[in-house]
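See structure below.
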Amino acid sequence: LKSVDKAFAEQAARTNLAEIALGELAGEEENLPADVQGLARQSLQDHQMAQQELEQLAETHGIELPDDPAPRQTQAAEMLGDLDGAQFAAEFARIQVEEHQIAVDAFERYAQKATGGSRNPLHAYAQKHLPKLQALSLIQI
């Protein structure tokens, strides 16, 4: 695989790790509206599955994935941890939309740059997960 493939895998892993952390954080929050709880659960499940799949691809192709989200994602989670109730719900939803829009842009850029088409397992991964990311980037709560 090429450097663009490895860079994509790293970014996808950071996105998954951030969304897993945010979903877990939301799961600990009491009194969240049902739609926010549903979004948190769905995002957590989707990104856990996506991360497992990505880890298998990385192992097969010798790509070292990061263990942590990007610093901006970690800062967002820390800030979110200081909020509760309606403030938490509003900020959680805002972060979800923003992070998923960033991920959609990255996945779309990669899908255009990646070589090897369906023979490239990371290209197939991007194509598979892009529709869910797009849907989550349009959520309005």
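The values are calculated or read from the model by the stated rules, or taken from the named source; none is laboratory data. Here the structure is a predicted model, which is why all the values come from computation and not from measurement. Every residue, glycine among them, receives a Cβ derived from its backbone with ideal geometry; neighbour counts consider all protein chains shown. Calculation scope for accessible area: heavy atoms of the full protein, side chains included, ligands and nucleic acids excluded. Shrake-Rupley method; radii C 1.70, N 1.55, O 1.52, S 1.80 Å.
Some observations on this one:
- For GLN134: the one exception among (1) farther than 17 Å from PHE8 by Cβ; (2) surrounded by 14 or more Cβ atoms within 10 Å (Cβ to Cβ); (3) in contact (Cβ under 8 Å) with a residue 12 or more places away in the chain; (4) out of contact with any Leu (no Cβ under 9 Å at 6 or more places or on another chain): (1)
- Condition check for GLU91: open to solvent by less than 70 Å² (accessible area, probe 1.4 Å), out of contact with any Asp or Glu (no Cβ under 8 Å at 6 or more places or on another chain), at pLDDT 90 or above and part of a helix (DSSP H, G or I): yes
- Boolean, ASP105 is among the acidic types (Asp, Glu) and surrounded by 13 or more Cβ atoms within 10 Å (Cβ to Cβ): no
- When residues in the range 39-77 are screened for being assigned to a loop (DSSP other than H, G, I, E, B), among the small types (Gly, Ala, Ser) and surrounded by 12 or more Cβ atoms within 10 Å (Cβ to Cβ), 1 of them pass.
- Within the range 108-117, being of a type in the set (A, V, I, L, M) and surrounded by 18 or more Cβ atoms within 10 Å (Cβ to Cβ) holds for one residue alone: ALA114.
- Under the condition of being out of contact with any helix residue (DSSP H, G or I) (no Cβ under 7 Å at 6 or more places or on another chain), modelled with pLDDT of 85 or more and not acidic (Asp, Glu), the residues counted in the range 105-119 number 1.
- Any hit, the range 17-32, residues being out of contact with any Lys or Arg (no Cβ under 6 Å at 6 or more places or on another chain), modelled with pLDDT under 90 and under 16 Å from HIS123 (Cα atoms): no
- The requirement of being at pLDDT 95 or above and among the hydrophobic types (A, V, I, L, M, F, W, C) is not satisfied by LEU130.
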